[in-house]
Ligand code: SAH
């Protein structure tokens, strides 16, 4: 069953006990790859206590300073959010996302993100996700304990893997651009939009977030990513007057 390679990423978990419980939740469902971004208590005895037999998941857990590191190479990123957000993709059901994650993780690394106990995921972190997952809980009290949320999602991942259910087919023969490539693209896009003075409106952040949302929906493949970067590079060359055509014209005007 293809569950081993799915990354469960806990972003800045505050309590070691929750990390231990999450490890146990994962192992009961056949998941192993735990990534911790900046855990507040680590290593910590409470984690092993709560892991109770899932110590191997803890021992092999990878600890990162940044989310970028945890997402290195990932072609699919989904994030769990207890809140519904104004500016984000419409939330998917855990079962829907689980099918997608199981299917795609056979081709490239997939990461499932969980937020901090108190404050969840930041908007910037949600913006890194291709899909947002919401567990449809009691609307008056919808925030599950972190490890409980990991349990629900891990269960769905296992069911999806067991069912081998038909899942949405990949849109392209190329692998998707990785998380870090898309970060580079968004940084490059922002630089160019500032240089061409498109980004001088009241609230450039909102525009950049909208564009991110669009690209998260579109999920450019590796080839499309290269094209997008190439377009940006050409815009920059155009501004610097270094395009081949511009250089040729300059030579001709120089009276050669
Ligand atoms: N008060 C926080 C809740 C954090 S709970 C907030 O408002 O966001 C810790 C993490 O567990 C969340 O970041 C999310 O990843 C997961 N989680 C808890 N309840 C969830 C739910 N109903 N749906 C999806 N994820 C949930």
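Looking at (1) surrounded by fewer than 23 Cβ atoms within 10 Å (Cβ to Cβ); (2) touching a strand residue (DSSP E or B) at 6+ places or on another chain (Cβ under 6 Å); (3) free of Cβ contacts under 8 Å to residues at least 60 places away in the same chain, find the lone condition where residue 86 falls short.
(2) is the only condition that residue 86 fails.
If a residue must be more than 25 Å from residue 216 (Cβ to Cβ) and more than 10 Å from the ligand (Cβ to nearest atom), how many such residues does the stretch 140-156 contain?
3
Could you check the stretch 30-47 and list, in sequence order, the residues that are more than 17 Å from the chain's Cα centre (by Cα) and crowded, with 18+ Cβ neighbours inside 10 Å? First the steps, then the outcome.
Within the stretch 30-47, the first condition is being more than 17 Å from the chain's Cα centre (by Cα), and the residues that meet it are 30-32, 39-47.
Residues satisfying the conditions are 31, 32, 39, 47.
Kindly provide the set of residues from the stretch 110-138 that are in a loop (DSSP other than H, G, I, E, B), more than 11 Å from the chain's Cα centre (by Cα) and under 20 Å from residue 37 (Cβ atoms), ordered by number.
Answer for the stretch 110-138, where residues must be in a loop (DSSP other than H, G, I, E, B), more than 11 Å from the chain's Cα centre (by Cα) and under 20 Å from residue 37 (Cβ atoms): 115, 117, 118, 119, 121, 122.
Looking at the structure I just gave you, is residue 159 away from the ligand (no atom under 16 Å from the Cβ), within 29 Å of residue 50 (Cβ to Cβ) and assigned to a helix (DSSP H, G or I)?
yes
In the same structural domain as residue 140 (by TED's automatic domain parsing), surrounded by 21 or more Cβ atoms within 10 Å (Cβ to Cβ) and in contact with a strand residue (DSSP E or B) (Cβ under 6 Å, 6 or more places away or on another chain), is that true of residue 81?
Yes, satisfied.
Let me confirm something: among 73, 53, 79, which residue is assigned to a loop (DSSP other than H, G, I, E, B) and within 14 Å of the chain's Cα centre (by Cα)? Don't jump to the end; show me each part of the working.
Working: 53 fails: within 14 Å of the chain's Cα centre (by Cα); 79 fails: assigned to a loop (DSSP other than H, G, I, E, B).
Of 73, 53, 79, the one residue that is assigned to a loop (DSSP other than H, G, I, E, B) and within 14 Å of the chain's Cα centre (by Cα) is 73.
Being farther than 22 Å from residue 220 by Cβ, at pLDDT below 95 and more than 10 Å from the ligand (Cβ to nearest atom) is the filter here; which residues of the stretch 61-98 pass it?
86
Considering only the stretch 25-49, state which residues are assigned to a helix (DSSP H, G or I) and more than 19 Å from residue 115 (Cα to Cα).
First, the residues of the stretch 25-49 that are assigned to a helix (DSSP H, G or I): 25-28, 45-49.
Listed by number, the residues that qualify are 27, 28, 45, 46, 48, 49.
Exactly one condition in (1) in contact (Cβ under 8 Å) with a residue 40 or more places away in the chain; (2) out of contact with any strand residue (DSSP E or B) (no Cβ under 6 Å at 6 or more places or on another chain); (3) away from the ligand (no atom under 16 Å from the Cβ) is false for residue 172; which is it?
(2)
Are any residues in the stretch 210-237 assigned to a helix (DSSP H, G or I), surrounded by 13 or more Cβ atoms within 10 Å (Cβ to Cβ) and under 15 Å from the mean Cα position of the chain (by Cα), and if so, which ones?
212, 213, 215, 216
The values are calculated or read from the model by the stated rules, or taken from the named source; none is laboratory data. As the structure is a computational prediction, the values presented were derived from the model and not from experiment. Glycine also receives a Cβ, built like all others from the backbone with ideal geometry; neighbour counts cover every protein chain displayed.
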